[in-house]
Amino acid sequence: MEVLIMAGQLILGLSILVGLHEWGHMAAAKMFGMRVEKYFIGFPPKIFSFQKGETEYGIGAIPLGGFVKISGMIDESMDTETMNKEPQPYEFRSKPAWQRLVVMLGGIIVNVVVGVFIFIAIAYNQGEKFLSGEEVNKYGIVAGELAEEIGLKTGDKIVRVNGQPYQNFSDLLSSDVFLGSYSSYTVDRNGQEIDIDIPNNLIEKLSDPEQKGNFIRPLEPFKIGEVVAGSPAAKAGLMTDDKVVAINGTSITYFNQMQDVLQNLKGKSASLAVLRNGETKNLSVDVNEDGTIGFYPVSLLNFTVVDYSLGEAISVGTQDAFAVVFNNIKGFGKIFRGEVSASKALSGPIGIARMFGGVWDWSRFWYLTGLLSMVLAFMNALPIPALDGGHAVILSYEIISGRKPSDKFLENAQKVGMVLLLGLMAFAIFNDVWKAVF
């Protein structure tokens, strides 16, 4: 079921984005009087279609893309027979270069607008909830395996990032830290300040979402939140707002301590000392084989909640949207500098589906859809033949020089671009499978 939910979210998100991207091309083409023969979401074979005016609208069986067929345009259809005929007034090739450029940029522009709109809507509806640096350093951090590898320890209090104070916990995991070069943390360890260098290739090891989530976490005092019905915790009599203070005589203050102790008691019984309404109660609980007992913790740290006005949301959402583009540029920079391998950094459909997760969460769905919209705009803007950016470069040359490249040159450029894109797609899918299996 989790696989189906992942696939469903990926297909819905891509269908929305690809549909809007291709609509951007179609709307611009129709605005300039170009004939649009086909508008499809998904690739052939065709599932169904209908004709409206001069355009056939349809759905393809392969849901990882889409296309618009504009008369007189050299595209992935490679319709050279039509291109050998005399140009018609309604064809793409008959229109001024600046109009053709607008058509090619139409999809990118729509994806940027959609991405920015989604991030603005998220900022306005959800605001921002974060842990301040001061709150994090009440108790310090939990250092995961990778954090310990670079020299961090549980209980460290991170006081500066790259030599500067930070505002909230997310700053410790930002792109400036992992996508920059020669980053560092300054920690307070038992009253002594120590600089911890962050390897330039750490982002490669953190490419697994589970690794990044366990890299560093705040040390969190906690209480019992919702108790899962029918779980060992429910059968033992654990209640909401209880505070676990000891397990089998081992003192418990933070949630990670409880997790560690329970991991060593898988499939066994444990004695819990619980503080309830000022009284200590002892409960016996059976620990599941995965080291859990069936409850949701509630952090006792004080989170800061900020609500944004519409004007503030527009500013914050726009910055968040374009940060996606800048982070992609930084990521490509790391690959080109050899600090990160392409196989670790790039993800295909399987990797993206895993980002959505096996539980349908609308907040996460729209955040990732907005992120993918900006990534789709960025990738399509790359100056690669067969991509919108490649067409835009050629059209810009035509506008500046006043010379139009021959149809033969455009056909060959399209072929080269398609080979590159198909090779990249094959690499991304194979890479996803490799990472999932090994």
Can we say Lys30 is closer than 20 Å to Ile108 by Cβ, open to solvent by 30 Å² or more (accessible area, probe 1.4 Å), of a type in the set (Lys, Arg) and more than 30 Å from the chain's Cα centre (by Cα)? yes
Out of everything in segment 208-225 that is surrounded by fewer than 18 Cβ atoms within 10 Å (Cβ to Cβ) and part of a loop (DSSP other than H, G, I, E, B), what residue ends up being modelled with the highest pLDDT? Asn214
Here are some conditions: (1) in contact with a Gly (Cβ under 8 Å, 6 or more places away or on another chain); (2) modelled with pLDDT of 95 or more; (3) under 24 Å from Glu398 (Cα atoms); (4) open to solvent by less than 20 Å² (accessible area, probe 1.4 Å). Gly115 meets all but one. Which one does it not meet? (3)
Phe50 passes all but one of (1) open to solvent by 40 Å² or more (accessible area, probe 1.4 Å); (2) within 36 Å of the chain's Cα centre (by Cα); (3) at pLDDT below 90; which number fails? (3)
Could you tell me whether segment 156-172 includes any residue that is part of a loop (DSSP other than H, G, I, E, B) and at pLDDT 95 or above? yes
Here's a check for you: in segment 398-418, which residue that is at pLDDT 90 or above and open to solvent by 70 Å² or more (accessible area, probe 1.4 Å) is nearest to Pro96 (Cα to Cα)? Ile399
If I go through segment 230-239 residue by residue, how many of them are within 14 Å of Thr292 (Cα to Cα), open to solvent by 30 Å² or more (accessible area, probe 1.4 Å) and not basic (Lys, Arg)? 2
Suppose we filter Val393, Val359, Val375 for residues that are touching a helix residue (DSSP H, G or I) at 6+ places or on another chain (Cβ under 9 Å), modelled with pLDDT of 90 or more and either open to solvent by less than 30 Å² (accessible area, probe 1.4 Å) or not charged (D, E, K, R) (or both); which single one remains? Val375
Flagged in segment 269-317 as in a strand (DSSP E or B) and open to solvent by 60 Å² or more (accessible area, probe 1.4 Å), in numbering order, are Ser269, Leu275, Glu279, Thr280, Lys281, Asn282, Ser284, Asp286, Tyr296, Val305
Could you figure out which of (1) crowded, with 18+ Cβ neighbours inside 10 Å; (2) touching a Pro at 6+ places or on another chain (Cβ under 7 Å); (3) not hydrophobic (A, V, I, L, M, F, W, C) isn't true of Ser94? (1)
Can you name every residue in segment 259-268 that is open to solvent by 70 Å² or more (accessible area, probe 1.4 Å) and either of a type in the set (A, V, I, L, M) or under 15 Å from Ala236 (Cα atoms) (or both)? Lys268
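The values are calculated or read from the model by the stated rules, or taken from the named source; none is laboratory data. The structure displayed is predicted, hence computed values, not measured ones. Note that we place each Cβ from the backbone using ideal geometry, even for glycine, and neighbour counts take in every protein chain shown. Just the protein is used for accessible areas: all its heavy atoms, side chains included, with ligands, DNA and RNA removed. Shrake-Rupley method; radii C 1.70, N 1.55, O 1.52, S 1.80 Å.
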